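This report concerns only the one structure given below.
The values are calculated or read from the model by the stated rules, or taken from the named source; none is laboratory data. From a predicted model like this one, the values you see are computed outputs, not experimental measurements. Note that each Cβ is placed from the backbone with ideal geometry, even for glycine, and that neighbours are counted across all protein chains shown.
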Amino acid sequence: MTLAAGTELATATNEHLANISNTLIYSAMAVYTLAFFTYIAEWIFGSRSKIARTANALTAGKAAAKAPVVTVNKAGGTAVLERPKVVVRASAGARDVPDGPGAHGGDEQGDLYGRIAISLTVLAFLIHLGGVVARAASVERAPWGNMYEFNITFSTVAVGVYLTLLALKKNIRWLGLFLITTVLLDLGIAVTVLYTASDQLVPALHSYWLYIHVSTAILCGAVFYVGAVGTLLYLFKDSYETKLENGGTPGRFATSFLERLPASSSLDKFSYRINAAVFPLWTFTIIAGAIWAESAWGRYWGWDPKETWAFITWVAYACYLHARATAGWKGRKAAYLALIAFGCWLFNYYGVNIFVSGKHSYAGV
Amino acid sequence: MSKTTATGTPPERADDPDLGAAGSQLSTAPREELANLPALGVIGWARWFWRQLTSMRVALLLLLLLSLGAIPGSLIPQSGIDETKVADFRKAHSFLAPVYDKLGLFHVYSSVWFSAIYILLFVSLIGCIIPRTWQFIGQLRGRPPGAPKRLTRLPAYTTWRTETEPEQVREAALALLKKRRFRAHLAGDAVAAEKGYLREIGNLAFHIALIVLLTAFAWGQLFKSEGNKLVVEGDGFSNTLSQYDDFKSGNLFSSDDLVPFSFNLDKFTGTYETSGPNRGTPRTYQAALTYSQGAYGKDKKDLVKVNEPLEIGNAKVYLTAHGYAPLITVRDGRGRVVYRDAVPLLPLDSNVTSTGVVKVLDGYKNAKGVSEQLGISAFFLPTYTKGSETASTFPALQNPVLNLTPYHGDLGVDSGIPQSVYQLDKSHVKEFKDSKGAQLRDNLKPGQTMQLPNGAGTVTYESTKEWANFQVVQQPGTDWALGGALVAIFGLAGSLFIQRRRVWVRAVKGADGVTVVEMAGLGRSESAKVPEELGDLAGILYDGAPGAPEPDDDTDDHSDAEPDAGSSDQDDTTTPDTEVVPAEGAEK
Ligand code: HEM
């Protein structure tokens, strides 16, 4: 029967594609590992430098601690006289600490390694992306029907967010090592514990709302993750600065490591902006999920564990945003809330899929 | 000569007391007050309590409590979601269960304490929105506050000297700012301007939308109804309470609210992946219906799929499950048909291995002519493969086999105890014996007939129909909830992405007859955008009022408007640090 033969041919192609996908994912992991070691080299070479901007700024004595000055140069013009420059002043009470130079610590060789690491990351990202696309082609649908696919897609998006921010010339090269470490972990878990042979979706998962809901959920998760790393580093850097301010001497490792990161206020602002920027998208994700649930299960909200944890995550991030606007909660307390909120997101993904049974049983584990 | 800013409310947002009124009311967030104990008296306490409840701090606390409170419901079985799981839990935890019962942990989301949290949050929200709205309207009717005395104190500042007359500079500034859609006006020797009111509007819209959303949700819960009905191909359903297999409704629902309609299941189609690693995975489920609305509605046809319910008025008909229903004919000893029906069987696994019972309750007489009841256990494999006797190997009807085990006697249906149609009470029935004395059971293919021993009759498996389960849901307020949710997103985006900021341009003639222009910007939070925008505006104004040479003497003297000598910022303005810190602009 020709029809059956056609189906079999298609099936063979799909299995072929699935195998290609697996190979690509493993290759990406190999390149990520190379990038990982190169990032390490960047940090190690960077430790040779003795830049201690934070320490200088905080220990040089209050009298000398002037407001930091940022000049925004207005575009050229041929006026003989200097055009007006904008002077920026930190708000009162904020620490005036310059940002660290980044992992390479101003060391030339370190910087070189850093650049190589980023090139390797780009390469690994492309292979990784190819793996995800091949997987999608093999199952003829979006690559997030089970936890394996969700994991490999999630880390692609996280790396994509990082590279996009870099391409936009944002100061986030310092994120590299932390990001690649987690990406390797994430992929490692994916290929060992979560691996599922490519398969089709049950009809309940056939809906374009699935595409919208899950793709935005993955994007939000990746961005929340980047924000959480920023928050965590903020907490370290903040303790470090507080210690210096109070006349303490932090350990050598802490000094070498933290001096190279941006100032705590920059890290704090960075993670706030990241979290605030995706919060509306997360809100939208939940609403898209509700619309999908309405058409699949007949109710838009039913306190299913997955829904409940999405709600908890949402409220936790709302808490964080409120905390930022509430005196007495700014700074470290708000940062703890941000970490808790991200913890909720993680639990919703891993914890609920594995430990709690609900209608969202697509885990495939 | 510069306008003093001595009068004015203390700043709410700006942390610098020097800013005076300039930094006030950049947002309508309630002021953080110290929790001073109230004056004596009931009214004092009530006011104190109300202030606390509507403060940001308590809103934050309530939000935290809400997220904490939602957790147990996701970990403990909930009676609203899965009764049987709750029952299992009760059996397994004889100590915990009563405690959980007292705390309402089996129905967290309708428990007293959870309701208390969100009702308080709700009240706090309303108590927060109303004053903020009034305040905001006040701000819209008023004008942006005048320039503070010392503009150098502001987070973004720039200055230059020009030969252009101060009036001209101010006019140019006013025109420019208005063109840039600032609300701008001239106040004394300076132009004051503000922009970004959409932030506040977005924020208020977001919080109001939350109220709408919550109300719509509560409304939906109170008036909703949800029922299930299993329909075999060829059969029908009409939307009345008595027709449902099971039915749940909200507290305020009345059966008059049921939308009148009826439908017939013409055909159910399921297709499955036939090969490859996903063999057996469902590809399509669809039910072809003929339906009519109201008592005398016209017949219409429609397909219902898993994600595509049929909408009839306020009601939605969802396809939620399917299975097989073998058509069985039972004849008694005299060959008279006493039973002929499609018997829905319950699926046990993803290959639709199914079980059920054929119950012949009346009309049957045994070989001796005595009235009896028949109960026939049925076990069904839609695809039977040799070697796999107890489980189907594929979900579609490829090689159906029906295994029947008949019993006779009293099925106990009349005993008053509710009985599942899928289970057989075997306490008052007897087995049929085959010729060897063993219990009679037989595998039938469609069209085959099983003989009951000693002329007790026959059972024929005629053919196989499919059944589909439909869930009929009515939930009012869904559109409102969706509307609220959409407004919430846009409001939120406005609230988070739009900067509210103020710009002041002061132009005064210095002692030497040269005009000194000073510009400053203030945002609600430190942001790279404020200095960037200020630089942009300054550049344009500078082109209209180009710079004059600096006097040789110390810069301190060139203007009254300049700050006191000795201010730590002083030298910054004239000798900007050459080190360019990429901090702000380099971030997201
Ligand atoms: C249902 C619970 C609530 C949720 C989910 C929620 C969520 C949010 C979010 C996401 C923001 C945006 C943060 C920002 O603009 O930086 C915000 C801002 C704000 N919320 Fe709420 N909110 C809730 C209840 C309340 C209540 C009860 C109050 C009153 C005390 C309140 C007062 C405010 C204020 C004043 C702001 C603006 C803060 C600012 O201008 O920075 N909210 N809220």
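Which one of B:ALA173, B:ALA116, B:ALA147, B:ALA187 is buried (at least 20 other Cβ atoms within 10 Å of the Cβ) and either at pLDDT below 90 or within 16 Å of the ligand (Cβ to nearest atom) (or both)?
B:ALA147
Answer yes or no: is there a residue in the range A:340-358 that is facing chain B (nearest Cβ under 7 Å) and within 23 Å of B:TYR109 (Cβ to Cβ).
Yes; the residues of the range A:340-358 include at least one that is facing chain B (nearest Cβ under 7 Å) and within 23 Å of B:TYR109 (Cβ to Cβ).
Six or more apart or on different chains, Cβ atoms under 9 Å: show the pairs whose first residue is in the range B:130-157 and under 29 Å from B:TRP50 (Cβ atoms) and whose second is in a helix (DSSP H, G or I) and modelled with pLDDT under 90.
From residues that are under 29 Å from B:TRP50 (Cβ atoms), the pairs are B:PRO145/B:GLY20; B:PRO145/B:ALA21; B:PRO145/B:ALA22; B:PRO145/B:GLY23.
Cβ-Cβ under 6 Å, sequence separation 6+ or interchain: first residue in the range B:63-78 and more than 7 Å from chain A (Cβ to nearest Cβ), partner away from the ligand (no atom under 13 Å from the Cβ). Which pairs?
B:GLY69/B:PHE114; B:PRO72/B:LEU105; B:PRO72/B:VAL108; B:ILE76/B:LEU105; B:PRO77/B:LYS85; B:PRO77/B:VAL86; B:PRO77/B:PHE89
Under 24 Å from B:PHE379 (Cα atoms), under 54 Å from the mean Cα position of the chain (by Cα) and of a type in the set (A, V, I, L, M), is that true of B:VAL473?
Judged against the criteria, B:VAL473 is not a match.
I'd like the full set of residues that are over 20 Å from A:THR182 (Cα atoms) and touching a helix residue (DSSP H, G or I) at 6+ places or on another chain (Cβ under 6 Å), limited to the range A:114-142.
The answer is A:ALA134, A:ARG135, A:ALA137, A:SER138, A:ALA142.
Return the pairs, sorted by first residue and then second, in which the second residue is within 12 Å of the ligand (Cβ to nearest atom) and basic (Lys, Arg), the first residue lies in the range A:302-325 and is part of a helix (DSSP H, G or I), the beta carbons are less than 9 Å apart, and the residues are 6+ apart or on different chains.
A:ALA323/A:LYS330; A:ARG324/A:LYS330
Looking at this structure, is B:GLY521 more than 16 Å from the ligand (Cβ to nearest atom) and within 9 Å of chain A (Cβ to nearest Cβ)?
yes
Every residue in the range B:276-320 that is in contact (Cβ under 8 Å) with a residue 24 or more places away in the chain, out of contact with any Leu (no Cβ under 8 Å at 6 or more places or on another chain) and of a type in the set (Gly, Ala, Ser), please.
B:GLY280, B:SER292, B:GLY294, B:ALA295, B:GLY297, B:GLY313
Quick one: which of B:LEU154, B:LEU140 is under 19 Å from B:ALA187 (Cα atoms) and surrounded by fewer than 17 Cβ atoms within 10 Å (Cβ to Cβ)?
B:LEU140
Which one of these is within 12 Å of chain B (Cβ to nearest Cβ) and within 25 Å of A:GLY351 (Cβ to Cβ): A:VAL161, A:VAL193?
A:VAL161
Please work out which residue is surrounded by the fewest Cβ atoms within 10 Å (Cβ to Cβ), limiting yourself to the range A:302-323 and to residues that are more than 7 Å from chain B (Cβ to nearest Cβ) and within 15 Å of the ligand (Cβ to nearest atom).
A:TRP314
Take the residues in the range B:48-90 that are within 16 Å of the ligand (Cβ to nearest atom) and of a type in the set (D, E, K, R); name whichever of them is modelled with the highest pLDDT.
Ranking the candidates gives B:ARG57 first.
Going by the conditions given, is A:LEU281 surrounded by fewer than 23 Cβ atoms within 10 Å (Cβ to Cβ), more than 16 Å from the ligand (Cβ to nearest atom) and aliphatic (A, V, I, L, M)?
Spelling it out, it is not the case that A:LEU281 is surrounded by fewer than 23 Cβ atoms within 10 Å (Cβ to Cβ), more than 16 Å from the ligand (Cβ to nearest atom) and aliphatic (A, V, I, L, M).
Among the candidates B:HIS93, B:HIS107, which residue alone is modelled with pLDDT of 85 or more, within 14 Å of chain A (Cβ to nearest Cβ), surrounded by 12 or more Cβ atoms within 10 Å (Cβ to Cβ) and away from the ligand (no atom under 16 Å from the Cβ)?
Going through B:HIS93, B:HIS107 in turn, just one is modelled with pLDDT of 85 or more, within 14 Å of chain A (Cβ to nearest Cβ), surrounded by 12 or more Cβ atoms within 10 Å (Cβ to Cβ) and away from the ligand (no atom under 16 Å from the Cβ): B:HIS107.
Report, by residue number, each residue of the range B:63-89 that is surrounded by 19 or more Cβ atoms within 10 Å (Cβ to Cβ) and more than 16 Å from B:TYR109 (Cβ to Cβ).
The answer is B:LEU63, B:LEU64.
Quick check on the range A:247-266. Is at least one of its residues over 20 Å from the mean Cα position of the chain (by Cα) and surrounded by 22 or more Cβ atoms within 10 Å (Cβ to Cβ)?
Checked against the condition, which is being over 20 Å from the mean Cα position of the chain (by Cα) and surrounded by 22 or more Cβ atoms within 10 Å (Cβ to Cβ), the range A:247-266 yields at least one hit.
Could you figure out which of (1) at pLDDT 90 or above; (2) at the interface with chain B (Cβ under 10 Å from one of its Cβ atoms) isn't true of A:GLY289?
Result: A:GLY289 passes all but (2).
Among the residues of the range A:256-275, is any touching a residue at least 60 places away in the same chain (Cβ under 8 Å), over 26 Å from B:PHE497 (Cα atoms) and within 7 Å of chain B (Cβ to nearest Cβ)?
No, the range A:256-275 has no match at all.
Can you pull out every residue in the range A:324-353 that is within 16 Å of the ligand (Cβ to nearest atom), hydrophobic (A, V, I, L, M, F, W, C) and either modelled with pLDDT under 90 or in contact with a Pro (Cβ under 8 Å, 6 or more places away or on another chain) (or both)?
Once the filter is applied, which keeps residues that are within 16 Å of the ligand (Cβ to nearest atom), hydrophobic (A, V, I, L, M, F, W, C) and either modelled with pLDDT under 90 or in contact with a Pro (Cβ under 8 Å, 6 or more places away or on another chain) (or both), the range A:324-353 yields A:ALA325, A:ALA327, A:TRP329.
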